[in-house]
Each structure stands twice: as C-alpha cells, then as structure tokens.
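Following: one structure in structure tokens, then a few remarks.
The values are calculated or read from the model by the stated rules, or taken from the named source; none is laboratory data. A quick note: this is a predicted structure, and the numbers were derived from the prediction, not measured. Cβ placement follows ideal geometry from the backbone for every residue including glycine, while neighbour counts extend to all protein chains displayed.
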Amino acid sequence: MVSRKLLGVWAALDFFLLAAGAVSLALSIVWRAENTLMNLVLAPAYLTNAISIIIIGTFIWFFTLQMRNNFHVRWEDASREIRIKLQDQLKCCGYFNGTDLVEIGGNFCQSTEFVAGLNASEATNFCVQPITQYADMTLNNVFTQEDERFKKIDAKRGGRGFV
C-alpha cells in the first residue's frame, strides 16, 4: 500500500506540472510572434481543441488511478435491477467479494448458498475484475484508435512524421 505522504508528494508534483503547462500555454499565447502563415495554420480553434483534449485526458487518467474504488461507488449507486443485470452478464456476484453489495436473484447469483460457495481466491467470481478489465480495454481502445489515426495521417504524408 502506498503511503499517504508519498501519494501527497506525487499529487503535488502532478499539480505543479499542470501549473507549469498552464503557465507555458498562457505565455505562448501572450508572447505569440506575428507570423501570418503560422497564424493561418495554427488557428485558435486548434488551441481550444488541444486544451479540451488535455483536460479530458487528465480527467480520464486521474479516474483510472482509483478505478476500482470509483466503480465501487457507481456499483453502490446502481439500482438492484442494474446490479442483477450486470452480475448475470459478467457471471459474477458482489463487487469486491461475495458479501459486498451482492444481489441475490437473476440467472447467476440465484441463492446465498451459491454465492457463499464461490471461491474467494478467484477474482473473476466477483464483479470488480470484469468491470475494471472492460474499462481498461475501452480506454485503451480509445487511445489506440487515436494513435492509429495519427499513423494513418503519417502514412499519407509519406511516413515523414509531422515535423
């Protein structure tokens, strides 16, 4: 388990890095050189898009740092019907274990005896594993598609890269 002090240090470093990026961005806007061709190519709309992507990416990255706990909150907030539906779909009972917000009913978790008989050392018996695996896969695919898009653009340009 990571100590609170170490986590605090990394959080502070991340904040300072974010602040340095914001200062760099602000100064680049203020001290922008008058270059008509450059201003034509790099329109302010591109800057807005870049800032949006950075903000969304930072939010997603921060969410993934505590993914298991964040989804536990969502699991807790979900209705009984939604939890039963997910348990049936993912073939799991409860979130972290068989007693953590388990819903008896549906096709998979039909009885408390069935849930009690699940092997506690098998992570896929409980819903935290399949949910976080799906979230990881989804987020990785989003960023992989973005990477693939840049590779296709690069290939169209003859493989020279953007610079």
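Miscellaneous remarks
- In segment 131-163, residue modelled with the highest pLDDT [restricted to those that are of a type in the set (S, T, N, Q) and exposed (fewer than 12 other Cβ atoms within 10 Å of the Cβ)]: Thr138
- Tallying residues that are exposed (fewer than 14 other Cβ atoms within 10 Å of the Cβ), among the polar types (S, T, N, Q), under 21 Å from Met67 (Cα atoms) and modelled with pLDDT of 85 or more within segment 79-130 yields 2.
- The set of residues from segment 56-98 being more than 20 Å from Glu113 (Cβ to Cβ) and of a type in the set (Val, Ile, Thr) comprises Ile56, Thr58, Ile60, Thr64, Val73, Ile82.
- Listed by position, the helices (runs of 4 or more DSSP H) enclosed by segment 46-163 that each have at least 1 residues that are in contact (Cβ under 8 Å) with a residue 40 or more places away in the chain and of a type outside the set (Gly, Ala, Ser) are 67-77, 80-90, 128-156.
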